[in-house]
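Structure, as structure tokens:
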Amino acid sequence: MAGTQATYSRKDHERAERLRYLGDIALVILGIVVVWQILHMLAGDVAISSPLATAIRAGELLGSANFWPHAGETAKALVYALVIALLIGIGVGTWLGAHKLSGAVAEPILVALYSLPKITLYPLILLIFGLGIEAKIAFGAIHGVIPVTIFTMNAVKNINRVFLRSARVMKLTTMQTVTRILLPATLPEIVSGLRVGFSLTLLGVVIGELFSSHRGMGFLVMRAIGLHDVSTMMAVTLILAVAAVAISSILLYIDNRLHRRT
Amino acid sequence: MSHEVHARLEGVTRVYPAVAGNPPVHALGPIDLDLRKGEFFSIVGPSGCGKSTCMDVLAGLAPPTKGTVWFEDKRVHGNVPDGIGAVFQEDASFPWLTVEDNAAFGLRRAGVDAAEIRRRVEYALSFMGLKDFAKAYPAQLSGGMRQRVCIARTLVLQPRLILLDEPFGALDAQTRLLMGDELLKLWRETGATVLLITHALDEAAMLSDRIGAMSARPGRFLETVETGWSRDRDSRMLEGETFGHITGRLWQMLRSESKRAMGHEGGVA
């Protein structure tokens, strides 16, 4: 009986926590909308469209057949860039984490590259990859690869050595040690790197689309700016922001779940 | 107890090579040790005297710089031989696996069939008092329970020689005594030979058939003390007079060595 009561009270507590969390999110969204409305009232339609007008325009865009090829182009570039950033980041990060000297040499270089404004490299990227999707993918990957590398490197470097000793006592092969010990032990940090890398990769892809591009969400924003179509410009930005926040939230949820176990 | 030799160290020395400008470290030896089949042997000594190095060498985790290591009449050379299990001082439970998956980990690697894995894991978890926590993750358990998970993971592999490197070092005194009782029960039930590395003299005195007292670095055996306990013993022996004699004798041997290890070279009177 006492156990049942304890179960109910824990469930009630969890439900209350969830409701409070949702309430906090609703409050933040409400706050953003209020500030946005105030800014719209101060600056007028010529600079900032109202939240309502933006939402209506976003709805129109989502219902329009012309919008989806652009969204597909951005999504395609983002997925390719993210996969490249992940593959290179995990590979290089694992090597740098496992090899002490290489890690010590590379770490300050990586940190310097991380803080470098990568937009300065974009003309170079355009010269190498041309004006197509390749340039956007490369620019996105450049943004995402560094955080994934740094997080992976630190995860491998700081792996609990006793796990590796246990692996030796249990006679695991090198491949088994990598797949059954190293990978799961470093996964929480790799997902943290992916979460940070995702935001930066998206930033890189969209920046790539803002210049010298004829397709994609970034291109839609630039075209709207050219036409002084404020509501479209803000609607595309809103759609991008909602998609980014949704994906980031999923990654954050996975990240938190993985870290809770460690 | 049989006097048949189960594992042997012959003239073993371990020197860690120079790293990043630091000189080589002579950590251990030369030492000789015969572990008798089925006995509970403990090594005590001051911090940094090479106790853990001795275990690593015996397990095949680190090669001896000089000397030879034997386990069941086969030379230990570069790899951990079949039949040896180890539990370390640090929490080695895998945080991404549940308690039962942790326990089953080594058996799955060895390709043991599912029914046998289930049988051995159920037995080990129930033996270690973890049956009700089979689906829990290590992060949900106390330090003592996590260490029991590691012991269960070793136990399911049915090792004939169990090496324990200060497995209760991070636990409070009372939990350590209780864990000691469980360890004795495990030792009696499995019939395995146990080598325990510990810095706690009372723990060594309570658990062991024989205790090897080691000098400050480089570790050498000063003396081996026979406790004379019966196999059917537990932590209640702490009340006895003999227990006090054994710990007193060990401390007599180790006091000056511990001071030496702390940097008071020359020992004390």
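The values are calculated or read from the model by the stated rules, or taken from the named source; none is laboratory data. Quick caveat: nothing in here was measured; it's all calculated off a predicted structure. Cβ coordinates were reconstructed from backbone atoms using ideal geometry, including for glycine residues, and neighbour counts include every protein chain displayed. Please note that ligands, DNA and RNA were not included when accessible areas were found on the heavy atoms of the full protein model with its side chains. Shrake-Rupley method; radii C 1.70, N 1.55, O 1.52, S 1.80 Å.
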**OP:** Would you mind giving the mean number of other chain beta-carbons within 10 Å of the Cβ of each residue in A:70-76, as a whole number?
**Re:** 0
Subject >> Inter-chain shielding of A:166-178 (mean C-beta neighbours from other protein chains, 10 Å cut-off) >> reply: 5
Subject >> Vicinal HN-Hα couplings computed from phi for the stretch A:127-136 (Karplus, 6.51 cos²θ - 1.76 cosθ + 1.60; Hz; Gly/Pro x) >> reply: 5, 7, 9, x, 8, x, 5, 4, 5, 5
**OP:** Rank by packing, highest mean first: peptides A:36-42, B:115-121, with packing defined as the count of other Cβ atoms within 10 Å averaged across residues.
**Re:** B:115-121, A:36-42
Original post:
What number, in percent, do you get for the relative contact order of chain A if the mean sequence gap of Cα pairs under 8 Å and at least 6 apart is divided by its residue count?
Top reply: 25 percent
Original post:
By the scheme Lys and Arg +1, Asp and Glu -1, what is the net charge of all other residues having a beta-carbon under 11 Å from that of residue B:156?
Top reply: +2
Original post:
Which residues' amide hydrogens lie under 5 Å from the amide hydrogen of residue B:87, considering only partners 5 or more residues apart or on another chain, with H built in the peptide plane?
Top reply: B:163, B:164, B:165
Original post:
Near the amide H of residue B:65, under 5 Å away, which other amide H atoms are found, from residues 5 or more places off or on another chain, if H is placed in the peptide plane?
Top reply: B:13, B:14, B:15
**OP:** Shielding by partners for B:87-98, please: the mean number of other protein chain Cβ atoms within 10 Å of each residue's Cβ.
**Re:** 5
Original post:
Which order do peptides B:145-155, B:84-94 fall in by mean Cβ count within 10 Å, highest first?
Top reply: B:145-155, B:84-94
Original post:
How large is ³J(HN,Hα), in whole Hz, for each residue of the stretch A:101-116 in order, when computed from phi with the Karplus curve 6.51 cos²θ - 1.76 cosθ + 1.60 and θ = phi - 60°, using x for Gly and Pro?
Top reply: 5, 4, x, 5, 6, 7, 4, x, 5, 4, 5, 5, 5, 4, 8, 5
Subject >> Cleavage-rule hits (trypsin sites (Lys or Arg not before Pro)) in the stretch B:167-269: DSSP loop, at most 13 neighbouring Cβ within 10 angstrom >> reply: B:231
Original post:
Percent relative contact order of the stretch B:86-158, based on C-alpha pairs within less than 8 angstrom and at least six residues apart?
Top reply: 51 percent
Original post:
With each run of n ≥ 4 DSSP H residues scored as -39500 (n - 2.57), what mean residue ellipticity at 222 nm is computed for the protein assembly as shown after dividing by its residue count and rounding to the nearest 500 deg cm²/dmol?
Top reply: -19500 deg cm²/dmol
Subject >> J(HN,Hα) series, the stretch A:199-215, from Karplus relation 6.51 cos²θ - 1.76 cosθ + 1.60, nearest Hz, glycine and proline x >> reply: 4, 6, 5, 4, 4, x, 5, 5, 4, x, 7, 5, 10, 6, 9, 10, 9
Original post:
Counting Lys and Arg as +1 and Asp and Glu as -1, what is the net charge of the other residues whose Cβ lies under 13 Å from the Cβ of residue A:219?
Top reply: +1
Subject >> C-alpha long axis of helix B:114-127 to longest principal axis of chain B, angle in ° >> reply: 60 degrees
Original post:
Taking the Cα atoms of the protein assembly as shown alone, what are Rg (to one decimal) and Dmax (as a whole number) in Å?
Top reply: 31.2, 96
Original post:
Going highest first, how would you order B:131-140, A:73-82, A:117-126 by mean Cβ packing within 10 Å?
Top reply: A:73-82, B:131-140, A:117-126
**OP:** For helix B:173-190, report the angle its Cα long axis makes with the longest principal axis of the Cα atoms of chain B; keep it between 0 and 90° and round to the nearest 10°.
**Re:** 70 degrees
Original post:
For chain B, what is the relative contact order in percent, using Cα pairs closer than 8 Å and at least 6 residues apart in sequence?
Top reply: 24 percent
**OP:** Please give the total accessible area that chains A and B bury against each other, computed with a 1.4 Å probe and expressed in Å² to the nearest 100.
**Re:** 2100 Å²
Original post:
Rounded to a whole number, what % of the accessible area of the protein assembly as shown do carbon and sulfur atoms account for, probe 1.4 Å?
Top reply: 62 percent
Original post:
Which distance in Å, rounded to a whole number, links the C-alpha centroids of the stretch A:12-59 and the stretch B:123-183?
Top reply: 52 Å
Subject >> Accessible solvent surface per residue of the protein assembly as shown, calculated while the other protein chains remain in place, 1.4 angstrom probe, Å² >> reply: 51 Å²
Original post:
Say a paramagnetic label sat at a point 7 Å from the Cα of residue B:75, along Cα to Cβ; which residues of the stretch B:1-37 have their backbone N under 20 Å from it?
Top reply: B:5-15, B:30-35
**OP:** Can you bin chain A into rounded, prolate or oblate? Criterion: square roots of the alpha carbon gyration tensor eigenvalues sorted a ≥ b ≥ c, rounded for a/c under 1.5, prolate for a/b above b/c, oblate for the rest.
**Re:** oblate
